[in-house]
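Working notes, beginning with the structure itself.
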Amino acid sequence: MTDKKENNYILQTDNLTVVRNGKTLLDRVNLRIEHGSLIMLLGHNGAGKSVLLRTLHGLLPRTDGDIKGPPAERQKIVFQKPILLRRSARKHFRFVCPGCSDKNTEAWFAHANLEAQMDTHAHQLSGGEQQKLALIGALASQPSLLFLDEPTSHLDYESTTAIEQMIQDAHVDGTTIIMTSHNRAQAERLAQHVLFIHAGQLLESRPAADFFHKPTDPIADNFLNHL
């Protein structure tokens, strides 16, 4: 008989381990991610955040352990530097969202305030515009699970604010989001729950308010004091 609690989880890992060239990048990570949650994944540079996101999404093979989550077509990932095709913003969007009607395409561009840039070459957009294009390309398929790897890094305040609003809108619509950030204020604004990873090990998994008030692990506490 299935544990009813398990039905609340969209993503689970059991002893997830990744070893490359003799180095352990993820060390027996155990996660339980609830449907509809907005998770902030925190840790120092090199702690394993990006490796964890890519492994959960299936881009990197695991060495050991199990992952249970939605099928690949119900997941999307947006990177710190978006991957865009060498064509107009409109044609890029239509390529990654082939089933989207003209009306819905225009609505998504309006949602990102990119209507005036629809026929601009994607590589000629500003950094913030490129990230918004990548984000609506991911959201248009209405994924159950969205991974965001520092989506606002190096962006200006206006772009960051717009992207945060899009993230919050997606969360309200029911998308489960796991996001990395090095911005404490942003993490506190967005997160419901925090995962703290260090040297490939998950040291904390706590409600955001509790974590930001006082982490239980001294490494996490030190990290937070310098974030």
Which of these, Glu34, Glu158, Glu115, has the largest mean-square fluctuation under a Gaussian network model of the chain (Cα springs below 10 Å)? Glu158
So if I place +1 on the C-beta of Lys and Arg and -1 on the C-beta of Asp and Glu, and nothing else carries charge, what would the dipole magnitude of the chain be about its Cα centre? I want it in debye, nearest 20. 600
Alpha-carbon spread of region 1-114, three principal axes, descending order, Å: 45, 40, 22
Can you tell me the accessible area per residue over the chain, all protein chains present, probe 1.4 angstrom, in square angstrom? 51
Both in Å, the radius of gyration and Dmax of the C-alpha trace of region 80-140 are 9.9, 29
Dipole magnitude (debye, nearest 20) for region 59-158, charges at Cβ of Lys, Arg, Asp, Glu: 380
How much accessible surface area, in Å² rounded to 10, belongs to the heavy atoms of His92 with a 1.4 Å probe? 10
Percent of C-alpha pairs per 5 Å bin, region 112-198, short to long: 3, 13, 26, 25, 19, 11, 4, 1, 0
How large is ³J(HN,Hα) for each residue in region 174-186, as worked out from phi by the Karplus curve 6.51 cos²θ - 1.76 cosθ + 1.60 (θ = phi - 60°), to whole Hz, x for Gly and Pro? x, 6, 7, 10, 10, 9, 9, 7, 10, 10, 4, 4, 5
For the chain, evaluate the Debye formula with one uniform point scatterer on each Cα (no solvent term) and list log10 I(q)/I(0) at q = 0.07, 0.12 Å⁻¹, rounded to two decimals. -0.23, -0.67
Taking Rh as the Kirkwood radius computed over alpha-carbon pairs of region 175-227 and applying Stokes-Einstein at 10 °C with viscosity 1.306 mPa s, one gets a diffusion coefficient in µm² s⁻¹ of 140
What do you get when you divide the Cα radius of gyration of region 28-73 by 2.2 N^0.38 Å, with N the number of residues? 1.20
Short version: ³J(HN,Hα) in whole Hz for each residue of region 19-27, in order, from phi by Karplus 6.51 cos²θ - 1.76 cosθ + 1.60 (θ = phi - 60°), x for Gly and Pro, what are they? 10, 10, 6, x, 9, 7, 8, 10, 10
Rounded to whole Hz, the Karplus (6.51, -1.76, 1.60) HN-Hα couplings of region 149-156, x for glycine and proline: 9, 6, x, 10, 4, 6, 9, 6
For Leu203, what residues show an amide H to amide H distance below 5 Å, using hydrogens built from the backbone and excluding near sequence neighbours? Phe196, Ile197, His198
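The values are calculated or read from the model by the stated rules, or taken from the named source; none is laboratory data. This structure is a prediction, so every number in the text was calculated from the model and none was measured. Note that each Cβ is placed from the backbone with ideal geometry, even for glycine, and that neighbours are counted across all protein chains shown. Quick note on the areas: whole protein, heavy atoms, side chains included, nothing else; ligands and nucleic acids left out. Shrake-Rupley method; radii C 1.70, N 1.55, O 1.52, S 1.80 Å.
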